[in-house]
Amino acid sequence: MNSQRLSILCVSQMPASPPRFGAQARMHGLMTQLARHHDLSAVMLLDDEFDAEECRSAMQAYCRDVVLVPNPQGREGLAKRLMQLRSLASTWSFERLRVTVPAHQQALDKILRAKRFDVVNLEFPYLGHCRLRQAPPGERLPAVIVDSHEIAYDLARQFASGGRSLARRLHAGVNWRKLRREELQTYRGADGVYLCSAADEQRLLEQVPNARTTVIPNAADVEYYQPRSADPPPDGRTAVFFGLLSTAPNVDGVTHFARVIWPLIAKAHPEARCKIIGSRPPPSLLALAGPRIELTGFVSDLRPHLAAAAAVVVPLRLGGGTRLKIVEAMAMAKPVVSTTLGAEGIEAVAGRDILIADEPAAFAGAVNRLLAEPSLAARIGQSARRLAVERYAWSTAADTLEGFYRRILEVDS
């Protein structure tokens, strides 16, 4: 790699650290690796759910400047529902309304006009309306490069046809078209866009053929997520799902698994247990808990829970991008059973590195095989660990991203 240090401003609707769920883990993983060779600063919004001092302290470990702007609209519950209703009468999407914060733009103006950056790295498309192409007088403007995470409007479109309630489907049906216009406008205005999977890249290029793109797959901290002698051995009976439990794809997947797939597993294996790990579960998920289905809430260290699991399940039916939960489980040498959509973007060989099943009976059958055949579970887990180390480490992903930055800067020079 070129030895010249780049000055990078990272802009996001949420803090990157400490990473508690997938989107944060992607930002944290890439930023901490980039910071080994480049100078990073951050201007990020802060919802009510985050602790400002905890986030600032964590990010100052690798960022030179950290500006966290409280988001007065970043609230859950009734406040969020009321904003969703108001968004129906707006030309803007709910996502844009939620992150349009004057103090955030003022913070961006201040830092961009005081210091020249080579790259402004924008996480997600939702802040694409912000004025990011600024520099001190006489200085060259920065390149604006977007980390897509997922094709957001496509996920919203999926939810419009498969949402859990009529009201949510109706809202999504109106909202996704506004989100599509805004998201594609952000991509068209950027100097480059990087995406989690080749499938998402193709979806984008069909809409914005001239976009300069690359794929930076989700990865794992393979030194942190690895088998340890102190961890409990697989118990031969527990299937684990983990992830943020407030997102539509995870809520839908967990509900489908518990109601449709789990009874088929429980019938074949009376001793089987299901453990659902993640923060912010809605009441509909809390209602699933029972003698054989446990909801743990947030856990500070996933590793002992994954180590003790017989299998990790990813029964997703909605979404895009690639699943951090899969690569983290693979790094822990755990066998994963996933839907085709859940494993999208991960170059794993079915039957060797992962088990793939889409129909409920087939999914349950794959989990049952792992419960019944510990040697198969161990063999798939070991192969998955090798794949994670070879192809899905954050250090490799960050090297690829640095190369993309430099190609964009060279073309525009």
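The values are calculated or read from the model by the stated rules, or taken from the named source; none is laboratory data. Keep in mind that what you see is a predicted model, and the values were worked out from it rather than measured. Cβ coordinates were reconstructed from backbone atoms using ideal geometry, including for glycine residues, and neighbour counts include every protein chain displayed. Quick note on the areas: whole protein, heavy atoms, side chains included, nothing else; ligands and nucleic acids left out. Shrake-Rupley method; radii C 1.70, N 1.55, O 1.52, S 1.80 Å.
Here is the figure for region 45-65: residues that are surrounded by fewer than 16 Cβ atoms within 10 Å (Cβ to Cβ) and either hydrophobic (A, V, I, L, M, F, W, C) or in a loop (DSSP other than H, G, I, E, B) (or both) total 6.
A single member of Glu139, Glu182, Glu150 is open to solvent by 70 Å² or more (accessible area, probe 1.4 Å) and acidic (Asp, Glu), and it is Glu139. May I ask you to verify whether Arg177 is part of a helix (DSSP H, G or I), of a type in the set (D, E, K, R) and under 27 Å from Ala393 (Cβ atoms)? It is false that Arg177 is part of a helix (DSSP H, G or I), of a type in the set (D, E, K, R) and under 27 Å from Ala393 (Cβ atoms). One residue stands out among those in region 181-201 that are assigned to a helix (DSSP H, G or I) and modelled with pLDDT under 95: the one that is nearest to the chain's Cα centre (by Cα), which is Asp200. Cβ separations smaller than 6 Å between residues 6+ apart or across chains give the following pairs from region 219-233 residues that are in a loop (DSSP other than H, G, I, E, B) to residues that are of a type in the set (D, E, K, R): Tyr225/Glu328. Residues in region 364-377 that are touching a residue at least 60 places away in the same chain (Cβ under 8 Å) and closer than 20 Å to Val327 by Cβ: 3 in all. For region 355-371, the criterion of being open to solvent by 20 Å² or more (accessible area, probe 1.4 Å), modelled with pLDDT of 95 or more and within 22 Å of the chain's Cα centre (by Cα) is met by at least one residue.
Residue-by-condition table, conditions (1) at pLDDT 90 or above; (2) part of a helix (DSSP H, G or I); (3) of a type in the set (D, E, K, R); (4) open to solvent by 10 Å² or more (accessible area, probe 1.4 Å):
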| residue | (1), (2), (3), (4) |
| --- | --- |
| Val67 | yes, no, no, yes |
| Ala79 | no, yes, no, yes |
| Asp109 | yes, yes, yes, yes |
| Asn121 | yes, no, no, no |
| Gln134 | yes, no, no, yes |
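Considering Leu302, Leu306, the condition of being open to solvent by less than 10 Å² (accessible area, probe 1.4 Å), of a type outside the set (D, E, K, R), in contact (Cβ under 8 Å) with a residue 60 or more places away in the chain and within 29 Å of Glu223 (Cβ to Cβ) is satisfied by Leu306 alone.
Exactly one residue out of Thr91, Thr32 is part of a loop (DSSP other than H, G, I, E, B) and among the β-branched types (Val, Ile, Thr), and it is Thr91. Residues in region 259-283 that are under 16 Å from Asn368 (Cβ atoms) and either touching a Leu at 6+ places or on another chain (Cβ under 7 Å) or free of Cβ contacts under 8 Å to residues at least 12 places away in the same chain (or both): Pro263, Lys267, His269, Pro270, Ala272. Close contacts from region 382-411, counting a first residue that is of a type in the set (Lys, Arg) and a second that is open to solvent by less than 10 Å² (accessible area, probe 1.4 Å), with Cβ to Cβ under 7 Å and a gap of 6+ residues or different chains, come to Arg385/Met330; Arg385/Ala331.
Residues checked against (1) closer than 30 Å to His305 by Cβ; (2) open to solvent by less than 30 Å² (accessible area, probe 1.4 Å):
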| residue | (1), (2) |
| --- | --- |
| Asp154 | no, yes |
| Ser161 | no, no |
| Arg177 | no, no |
| Gly189 | no, no |
| Glu206 | no, no |
| Asn218 | yes, yes |
| Val222 | yes, yes |
| Pro234 | yes, no |
| Pro249 | yes, yes |
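Let's see how each residue does on (1) under 21 Å from Trp394 (Cα atoms); (2) basic (Lys, Arg); (3) open to solvent by less than 80 Å² (accessible area, probe 1.4 Å); (4) in contact (Cβ under 8 Å) with a residue 12 or more places away in the chain:
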| site | (1), (2), (3), (4) |
| --- | --- |
| Ser7 | yes, no, yes, yes |
| Val11 | yes, no, yes, yes |
| Met14 | yes, no, yes, yes |
| Arg20 | yes, yes, no, yes |
| Thr32 | yes, no, yes, yes |
| Asn71 | no, no, yes, yes |
| Pro102 | no, no, no, no |
